[in-house]
Structure formats: C-alpha cells, structure tokens
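The structure under discussion appears below in the form of structure tokens.
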Amino acid sequence: MHGNKYTPTTNADIHELGKAVLEYSEHRLKLDPVPLDTPRTLAELTESAGQTITPEGIGGPRAMDIFTEVLAPACLSTDHPRFLSFIPCAPSEAAAMFDLVVGASSIYAGSWLEGSGAVYAENQALRWVADLVGLPERAGGVFVPGGTVGNLSALVTARFEARVLAPEGVRPWRVAATEGAHSSIKSACDVMDAEYVPVPVDEQWRLTGENLRAVIEEKGPETFFAVVATSGTTNFGIIDDLASVAEVCAEYGIWFHVDGAYGGAGLAAPTVRDRFAGIERCDSFIVDPHKWLFAPFDCCALLYREPAKARAAHTQRAGYLDVLTDTDEWNPTDYSVGLTRRARGLPFWFSLATYGTDRYTAAIEHTLQVARFAAEEIKRRDELELIREPDLTVMVFRRIGWSSSDYYEWSDRLLAQEIAFVVPTTHDGETFARFAIVNPETSVDDIRDILDTMR
Ligand SMILES: *Cc1c(COP(=O)(O)O)cnc(C)c1O
C-alpha cells in the first residue's frame, strides 16, 4: 500500500511508522506486569496532548509519541493481573498480535464472497464453541461486537420466529428472565419495545423451571417469545438451572436463549462443566471471547441451533446486495444486527489455532483455582464475609463494619496508588466488594495482597 496523493505514504514512511507501531506493540506485549495506569482529567489531557488534529496533520511519529506518552497511560490496562472489576479482558499474546494483522488486511467479513478465508476460520472457532455447548452440526452463527449486540440479535430472531409460529392475530411481546440477567437484556427489550418480565429466583438465586412456569402461566404462554437464562451472571457468576428451564421452554414451545457472555468459557473446564447441564437444549447462545476466552475486545460468539431462523430474521435485502443474498453461501452478516463487519473472530481463531484447545482448558481451570483460593481466603478472614459461594470466578463479599463510602474510598485509593482496580458493587441496596477473575496472570499472591488492604 502506498497511500494516494491525499495520504502520501512512501515505502520509507511505512517502514518508519511500521517500526514504531510494531516496536510499541511488542514492548507492550512483553511488559510484565503491564502498568495499571490511572484515569486523567479532561484538563490534564488537554494540557498534555493538546489539539492533535490539524489541517496539515502532525505526522505519524508525533501522533505515535502522543499516544505512547500521554494517551496510553491514561487508559487502564484491563489485562493487569489486579484489574478485577466488571469483567476484565486478558487477551493472549497471539490473539493481541493477530489483531494487528486483521487491521492491516482490509478484510470484509460480512459475506462469503468477499471474505471466504476469514469466514472459514471464524466458523471453525464458532464450531469449537458449538461443540462445547453440545449443539448439532447444523448450528452456526457469527462473531458480533459484544454480548449486548449478541443478546439483541438472538432476541430479534426469537421474536421473528415466535411471530411466524403464533396463531393469526397473536404477536408475542414478552421476555422472561431474572433480575440477575445482564442489563443488556433489559436494554434489548427497550430497543425492541418488548416487555421484560422478571422471574423470581430460587434460594440459590437461580432461574428455575418451576418459577418460570408460574410466571408463564400467570401472564399467558402465548405472550412470550423468549426466555433468557444466564450461565454466569455478571454480578455474582450464578449459573441458572438450565436443565429445568430448558424443559419448561420445550413444554411451551418458547425460545430458550442462554447468555454465557462471561461464564460460557466455563464449558471448556471439566471441573465445572456439569453445572451447565441442559445448555445443549438452547435455541441460541452467546459467549464473549473478550471476557474469559483470551481474545481482545470486540468479540462475542453468537450461535443458533437453527441458523436458518436467524437468516430469516436478519438478512438485509436491497438491489445492491442481491449478489450476496441470492446464494447459498454462508454470509455472517445474515445472523445478527449489523451489515459491515470486521473479521473480529480472527484474533480468537488465531489464538485457538496457536495454542490448541487443551491450553485453553488449562488456563480456564487455573483461573478457577485462583478463584477458589480467593473464596477460601475470604471465608478464613474474620473481617470478611463471602455473600454467596461462587459458581465460577466472580465473588462478592462484605467487609464487616464498612459503610458504602468505605468501599469507594478503599477502591479509589487502590487505583490512585496503582495497586489494583477493584470497584465495589451493590446488591439489594447494600455495597459490597467484588472480584471477577478471568486473567490467568492473576495469582494467589495478588488476591492475598488486595485482601490485606482491607484489614
Ligand atoms: C458482559 C455481559 C454482557 C454484555 O456483553 P458486552 O460484550 O459488554 O456487550 C451480557 N451478558 C452477560 C452475562 C455479561 O457478563
């Protein structure tokens, strides 16, 4: 590539810029540990970075310097071993490096015609996930930007299918899920003008078939187009009772969607696999490789038992697209909201291909072990109290005697000192501490050191 007369870039420029970009990337990937970094204020960034976009351009080397010296240190490293907030992202080196290749390759991965090689590889990665779930050979799907778009796309398909099957004049509009379901389910309902119907949880805070049946009976089965179960809730890592939920969905003929955005990775770990029993009966499923499957951000695997149903719901039609839609080829874009797509599954594919799936299993099992250590350590310490035995690697706990502001002050202090990033959470109006462990670099010493700061 040699630019054009508007973006003149010579081979020498490419060499110089490429060296800077690759050197930075290699350096960043070799750092051990990476800096946690801290947020900066708008005033600080304005002062140090200033106006970077000018009519003449400041040139690549200068822009790279500003990024390296000012902008990057103002972004938290989500792959820091002590970044335990929200759900962290800890890409493997292979996955992170391959993101550079995807960027350099100008691949359009929405259609087989334009991106067959990329789509082929993405589909192998999706097949690995489908096998973990236990979906049939005909299952398939697409990599979308994240769990939010994955859930929305699955629900759009579910509603389309329900309205095809519903008797004349009936247009199902309800979705059943627990209060513990991710915020994106409620958001999808808002986008779709659907009604989110909360189902009470059992004594272990799970969605069960029994409670689901009661809600469905009360509201009328014909009004629902989907049930969403979660295999690893975001706040507590709870896996719903998928088998009994699957049974009730089958009984009433309602679409069964499983949101495994965070916890789905646990399917690859033999020590917890049985907790997912029943997942193989889902109609659709998501997992975010950018959470616990070591891919960089912008990666959610969305799978359907019957992809044809998704195609019916999502295919965009227009004269300029006929060349793509009038074929039997696999066009990823037909399975979700969105048309243009980057080959965002490729970094994940490259990582799987590089290390092999056994190493994935080992890495996930390791994070589970560190999480079990953390839970035991919390129970062992007098000043701490575990709120619920973790199903996976998220845990919520109380520091006895702390008020809500104590948690926030503690968290702010740890970040300001670049010790750790552990934001509090709330449940039923009470503030708690929370760890989400998905990074294989997070060690038992990290856990111990963070807990020591709560004495
Ligand atoms: C993170 C998460 C989502 C949303 O995924 P994004 O990739 O952030 O859009 C959905 N469901 C669950 C259970 C999650 O943990």
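The values are calculated or read from the model by the stated rules, or taken from the named source; none is laboratory data. Everything numeric here is computed off the predicted structure, so don't read it as measured data. FYI the Cβ positions are ideal-geometry reconstructions off the backbone, even for glycines, and counts take in every protein chain you see. With ligands, DNA and RNA removed, areas are computed over all heavy atoms of the protein, side chains included. Shrake-Rupley method; radii C 1.70, N 1.55, O 1.52, S 1.80 Å.
A few remarks follow.
- Straightening the chain between residue 137 and residue 218 buys 25.5 nm, computed as 0.36 nm per residue apart minus the Cα-Cα spacing.
- With contacts taken as Cα pairs under 8 Å and at least 6 residues apart, the chain reaches a relative contact order of 20 percent.
- A straight line joining the Cα centroids of the stretch 141-202 and the stretch 363-430 runs 31 Å.
- Accessible area expressed per residue, the chain, with surrounding protein chains retained (probe 1.4 Å, Å²): 46 Å²
- Sequence-distant aspartates and glutamates (8 or more away, or on other chains) whose Cα lies within less than 12 Å of residue 186: 195
- When +1 charges are put on Lys and Arg Cβ atoms and -1 charges on Asp and Glu Cβ atoms, the dipole computed for the stretch 99-355 relative to its Cα centre reaches about 420 debye.
- Here the stretch 287-435 yields Rg over Rh of 1.14, to two decimals, using C-alpha coordinates and the Kirkwood radius.
- The tail of the calculated P(r) for the stretch 358-452 beyond 17 Å holds 50 percent of all Cα-Cα pairs.
- When its C-alpha radius of gyration is set against 2.2 N^0.38 Å (N residues), the stretch 240-295 gives a value of 1.17.
- Label separation (residue 315 vs residue 108): 1.8 nm, computed from points 7 Å beyond Cα along the C-beta direction.
- All aspartates and glutamates inside 14 Å of residue 30 as judged from Cα atoms, apart from same-chain residues fewer than 8 positions distant: 79, 93, 441
- Förster radius 45 Å - calculated FRET efficiency between residue 5 and residue 45 (Cβ-Cβ, nearest 0.05): 0.85
- Our helix-only sum for the chain, with -39,500 (n - 2.57) per DSSP H run of n ≥ 4 divided by its residues, gives a mean residue ellipticity at 222 nm of -13000 deg cm²/dmol.
- Using the Cα coordinates of the stretch 1-75, the gyration tensor eigenvalues translate into equivalent-ellipsoid semi-axes of 26, 20, 7 Å, sorted from longest to shortest.
- The slack between residue 443 and residue 418, meaning 0.36 nm per residue of separation minus the straight C-alpha distance, is 7.3 nm.
- Span per principal axis, largest first, for the Cα atoms of the chain (Å): 67, 67, 42
- Portion, in percent, of the accessible area of the chain that falls on carbon or sulfur, probe 1.4 Å: 54 percent
- Straight-line cross-link reach from residue 291 at under 16 Å between alpha-carbon atoms covers no lysines, not counting any fewer than eight positions away in the same chain.
- When only the Cβ of Lys, Arg, Asp and Glu is charged (+1, +1, -1, -1), the dipole of the stretch 358-452 relative to its Cα centre reaches about 140 debye.
- For the pair residue 325 and residue 186 in one chain, pulling the backbone fully straight at 0.36 nm per residue adds 46.9 nm over the alpha carbon distance.
- Those trypsin sites (Lys or Arg not before Pro) in the stretch 82-162 that DSSP places in a loop and that have at most 11 other beta carbons within 10 Å: 138
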